[in-house]
Amino acid sequence: MSRGFRIVQSPMQTVLVTGGAGFIGSHVALRLLAEGRCVRILDNFDPFYAESIKRRNVEQAKAVGGSAFELVEGDFRDPSTCAQALEGVDAVLHLGALAGVRPSIEQPIRYMDVNVTGTQTLLSAVAARSTSMPVVFASSSSVYGGNTKVPYAETDPVDHPVSPYAASKKAGEVVCSTHHHLYGNPVTCLRFFTVYGPGQRPEMAIHKFARLLVSGEPIPMFGDGSTRRDYTFVDDIVDGVVTALDRASGYRIYNIGGSRTTELGTLIATMEEVFGKKAVIERLPEQPGDVKQTWADASLLQRDLGFVPRIDIREGLTRFAAWYLAERAAGRLA
């Protein structure tokens, strides 16, 4: 649903969404289709989590979009696949990536290949097609590393990422900047802050905690529960992504987050309340690559694009719980 501040360039605009079968990408695709745009998803259905989840997302988009929806199944590291996916496209939302801090420590070369080389391959295909095509790149709050100054602002140094995933996202921003400098495409990099909501990937903390909470299994708490995250509901993220696409100009970097922080212990306590279940906590040591806190200063995005996050953590968790319990009752979740 529109928040009243976006400018839709054309109802027949065709948008390529890489990673569009995934969590955030599928939400964005549904929004674009609901607004009357054409959407082409490029996704390789990487087995990082169950392919069946992504296939359901695609089927939902197909049901909503009909002939306005198209799937290109392939890898954006392949130049010919990128060229095919960009045929007839007006704009690109590059949301596809290998996600996750901890897995990136185990597979750093693969993360760099997909997230950096893949981004460059896609941008090269964009340059070959059009130097005016706008591109939105999904970056991450992870680029701020162990910065102790909060909230994080786009002008803060991001030269010391603490995981290969974070390094790959920082490198992606640099690749985007170089591309804009050489070819002129408007490029906007959005630093996402801990996105959650219906359809969230099963390995992400809130989804994982819900599964363990409902099943009566222990919830792992790394550290003393004092780590803090700026949890951002997916509908707010979608608002920001689509707004950034419609208003793209020059080369820009924006934080996109809820601009509030929640302690891990408070998150679990709130989940206990909205699910009506008492959690069993398993206390574990802190994990390599984790940071103490994330907190977005989103004032630049508000000033330039009118973005204001609307959904606080309690409302967001309540909506997530309703979705999770309905999906579980229908047998679509463990």
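Bear in mind that the values in this text are calculations on the coordinates, not laboratory data. Given the structure is predicted, the values throughout are model-derived calculations rather than measurements. Glycine gets a Cβ as well: all are built from the backbone with ideal geometry, and neighbour counts include every protein chain shown.
The stretch between E106 and S177, if pulled fully straight at 0.36 nm per residue, gains 22.7 nm over its current Cα-Cα span. Relative to the longest principal axis of the Cα atoms of the chain, the long axis of helix 51-65 makes an angle of roughly 50 degrees.
Measuring r between the beta carbons of R55 and E217 and using R0 = 22 Å, the FRET efficiency lands at 0.20. Computed as a quarter of the hull surface, the mean projected area of the alpha carbon convex hull for the chain stands at 15.4 nm².
Applying 0.36 nm per residue to the separation of A269 and T117 and subtracting their alpha-carbon distance, the gain on full extension is 50.6 nm. Could you check what % of the DSSP bridge pairs in the chain are antiparallel, to the nearest 5? The antiparallel fraction comes to roughly 5 percent.
If you take the beta carbon distance between E203 and T131 as r and set R0 to 45 Å, what does 1/(1 + (r/R0)^6) give as a FRET efficiency, to the nearest 0.05?
Details: r = 38 Å, r/R0 = 0.85.
E between E203 and T131, to the nearest 0.05, is 0.70.
Of the DSSP beta bridges with both residues in the range 180-304, give the percent that are antiparallel, rounding to the nearest 5. If we restrict to bridges inside the range 180-304, about 10 percent are antiparallel. Relative to the longest principal axis of the Cα atoms of the chain, helix 23-34 runs at roughly 50 degrees.
Between the helical axis of 164-183 and the longest alpha-carbon principal axis of the chain there is an angle of about 20 degrees.
Counting only residues at least eight positions apart within a chain, or on another chain, the aspartates and glutamates with an alpha carbon under 16 Å from that of K54 are D43, D46, E70, E73, D75, E203, E327.
The magnitude of the dipole of the range 9-127, with charges of +1 and -1 set on the Cβ of Lys/Arg and Asp/Glu and taken from the Cα centre, is near 300 debye. Among residues other than G145 with Cβ under 14 Å from its Cβ, the summed charge is +1 (Lys and Arg +1, Asp and Glu -1). In summary, the aspartates and glutamates within cross-link reach of K208, defined as a Cα separation below 13 angstrom excluding same-chain residues under 8 places away, comprise E217. Sequence-distant contacts, meaning Cα pairs under 8 Å at least 6 residues apart, place the relative contact order of the chain at 18 percent.
Per DSSP H run of at least 4 residues, take -39500 (n - 2.57); add these up for the chain, divide by its residues and hand me the 222 nm value, nearest 500 deg cm²/dmol.
Numbers: 12 runs with 137 residues, N = 334.
When only DSSP H runs of four or more count, the value is -12500 deg cm²/dmol.
Which FRET efficiency, nearest 0.05, do V308 and V64 yield, Cβ-Cβ r, R0 30 Å? Working from the Cβ atoms, E equals 0.70.
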